[in-house]
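Down below is the structure, laid out as structure tokens.
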Amino acid sequence: MKRYKILFLAALATMATSCQKGFLDRYPQTSVTPEVFFNTEEDLALYINGMLDLAGHGMYLSDQSTDNLATTAAVEVKNIMTGDPSSQNISGGWSWDRLRTINYFLENYNRAVVTEDVKNHYAGLARYYRAALYHGKVKRFSDVPWYSGTLNPDDEELYKAQDPRELVMDNVMADLEFAMANVRDDVPTGTPDRWAVATMAAKIALYEGTYRKYHPELGLQGTADAFLEKAVAIAEQIITEGGFSIHNTGNPASDYADLFGNQDLTGNSEMILVNSFDQTKNRSGNQNTGVFGNYEQSPARDLVQTYLRADGSRFTDLSGYETLGFVEEFENRDPRLAQTIAYPGWQRAQDDAPYVQFLARNFTGYHQLKGYVNSTDQVILNSADVPVHRYAEVLLILAEAKAELGTLTQADLDRTVNLLRDRVAMPHLNLAVSNADPDPVLVEKFANVVGANQGVILEIRRERRVELAFEDSRYDDLMRWHAGKLLENIPVGMYFPGVGDYDLTGDDVPDIRLIPEGQTIPTERERNSLGVQLVYYTIGTIGGGASIYLENGTNGGFLVTDDRERTFVEPKYYYRPVPNAETILNPHLYQLFDWE
């Protein structure tokens, strides 16, 4: 039997990719037949576990498509905004091999000689995976063809047009309802249980509800509330029945950071689903190089300015906040800032002195800590667990959905957002105060948020950005809020008023010296009062030969990362075109929102 299983799984990996031969068509008759494989619970588990697809350490790089990070990478949305995109040069996303794998299982799992509850558990997981797959397709294309079974190459349905978003999303929610009702609580570590399924369902319901509310081009605003109400109901169930709680040991300076880079999150009360790593068990990985330093990404100053002050007041209300230097920016701030981005005085494990931020062209100067494992021990470095679903997000889902529905109360905030603030000893979010005095910076960014709950909706959005920074949520948030125009703003970095010496470690002793472009950096560099050589950089405007680029060159300004104009065309760029090659193979496929 083991040989048959290996052959069957090998067959799953060798599907063709063309429309005629790879799209939901049946396996050749020479492959292992369902009668041979689908017999026992072990067979069902083996097949389903082969579909497991969890976020890994790459999650900490996912915000490169957003206003949270500057990046030198060729990310799709940046290329779209700066190029000439069309269906001929945007060809990704129209792959259906995984759907074929899922549907094949759903056509055959009933052959197993097991109880109905066992069958339904595995069918629930398959439908959970199908819902997640289709949600991803809807986010990218909106209308997509819905297929609930496998097809033969000559089946007419293979060449049908897309189905409407409404039909597809109704089917997605039906899949999730079945999964929530049938997936077990008790599952192997690192695989989805009932609560992981419910968390995904709440995420999807919130996404679709807010997307429909803020995207008039769909003409579905009248159906938005039904999805928001579903998000509320699911989140409430997780809160009341799931047994989760916010990780809070009374250490506001470290409790939040302990969720990222931890060697074992499986017993953490906040974890709904964890991707476990352990180098000693041949399961290792890390993203230290990608996350920290100047490899490809660097945190944006706009993100830094989003964090509140320690007293709960807005940083952007400070007089002259735009020209505060690195050290001053980190004073008296929400503790999550210093647990997400390297702060003045932070020290690497391999160093015997505080780290001095390394500056480079096209980078902001800020360095990301979330996802960075601060150790020289290779086992520790490569064995950090990744939080796939956190209870914190469930609380944020409930707060946002109720705020959008107009049913949010102060009691709701106290059992959701304010539990996150309690972890880091931040003042509570007050419903009446936030609605009476909306943040003008956020009002300008999200001008389509109106009504009695404008202020608290904006503050919940701030809380999501802060709490979930670098956890692969920001891009989806901007898309569903109809805030793609924010991506036109090129991320900038630290502020320097011009040439001179600057302290970056917070001890009032200079660490770096900025000199005009064209001057030669001396071989014998001047030392500071601690006897440490200053790090020299030449400064100039972007495009020149300076070490780093400032907005106004030698006259100072923020660090510049790019100067290519970005244009986010609405509503077009909220979607992607069906690849041109697919429309040739199937002429019934159509393009939405002016894509060609």
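The values are calculated or read from the model by the stated rules, or taken from the named source; none is laboratory data. Computed from a predicted model, the values in this text were never measured in an experiment. Glycine gets a Cβ as well: all are built from the backbone with ideal geometry, and neighbour counts include every protein chain shown. We work out accessible area using only protein heavy atoms, side chains counted, and drop any ligands, DNA or RNA first. Shrake-Rupley method; radii C 1.70, N 1.55, O 1.52, S 1.80 Å.
Among the residues of region 250-262, those identified as in a loop (DSSP other than H, G, I, E, B), touching a residue at least 24 places away in the same chain (Cβ under 8 Å) and open to solvent by less than 70 Å² (accessible area, probe 1.4 Å) are Pro252, Ser254, Asp255, Tyr256, Phe260, Gly261, Asn262.
Pull up region 39-62, narrow it to residues that are closer than 21 Å to Ile272 by Cβ and touching a helix residue (DSSP H, G or I) at 6+ places or on another chain (Cβ under 6 Å), then point me to the one that is surrounded by the most Cβ atoms within 10 Å (Cβ to Cβ). In this case the residue turns out to be Tyr60. Counting only helices (runs of 4 or more DSSP H) that sit wholly inside region 391-480, those with at least 2 residues that are farther than 20 Å from Thr306 by Cβ and touching a Phe, Trp or Tyr at 6+ places or on another chain (Cβ under 9 Å) are 391-405. When the criteria are applied in full, Asp117 fails the requirement of being acidic (Asp, Glu), at pLDDT 95 or above and under 25 Å from the mean Cα position of the chain (by Cα). Among the conditions (1) part of a loop (DSSP other than H, G, I, E, B); (2) crowded, with 20+ Cβ neighbours inside 10 Å, Gly493 misses just one, which is (1).
Okay, residues lined up against (1) surrounded by 15 or more Cβ atoms within 10 Å (Cβ to Cβ); (2) closer than 18 Å to Val535 by Cβ; (3) among the aromatic types (Phe, Trp, Tyr):
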| residue | (1), (2), (3) |
| --- | --- |
| Leu324 | yes, no, no |
| Glu328 | yes, no, no |
| Ala338 | yes, no, no |
| Pro344 | yes, yes, no |
| Asp351 | no, yes, no |
| Val356 | yes, yes, no |
| Ala360 | yes, yes, no |
| Tyr366 | yes, yes, yes |
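Results for (1) over 30 Å from Thr150 (Cβ atoms); (2) not hydrophobic (A, V, I, L, M, F, W, C), shown as yes or no for each residue.
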site: Val75; (1), (2): yes, no
site: Asn89; (1), (2): yes, yes
site: Trp94; (1), (2): no, no
site: Asp97; (1), (2): no, yes
site: Tyr109; (1), (2): no, yes
site: Thr115; (1), (2): no, yes
site: Val118; (1), (2): no, no
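Going by the conditions given, is Gly325 farther than 17 Å from Ala469 by Cα and of a type in the set (Gly, Ala, Ser)?
So Gly325 fits the description; yes.
Of all residue pairs spaced 6 or more apart or on separate chains, those with beta-carbon atoms under 7 Å, a first member in region 300-328 that is among the basic types (Lys, Arg) and a second member that is in a helix (DSSP H, G or I) and open to solvent by less than 30 Å² (accessible area, probe 1.4 Å) are Arg309/Phe315. Would it be correct to say that Glu236 is in a helix (DSSP H, G or I), out of contact with any helix residue (DSSP H, G or I) (no Cβ under 6 Å at 6 or more places or on another chain), open to solvent by less than 50 Å² (accessible area, probe 1.4 Å) and over 30 Å from Arg333 (Cβ atoms)? When the stated conditions are applied, Glu236 passes them. Among the residues making up region 394-423, a single one is in contact with a Lys or Arg (Cβ under 7 Å, 6 or more places away or on another chain) and surrounded by fewer than 22 Cβ atoms within 10 Å (Cβ to Cβ): Asp412. Within the span defined as region 171-182, every residue fails to be among the acidic types (Asp, Glu), closer than 24 Å to Ile48 by Cβ and not in a helix (DSSP H, G or I). I'm checking my understanding of the structure. Among residues of region 366-402 that are under 18 Å from the mean Cα position of the chain (by Cα) and of a type in the set (Val, Ile, Thr), which one is farthest from Leu54 (Cα to Cα)? The extreme case among them is Ile397.
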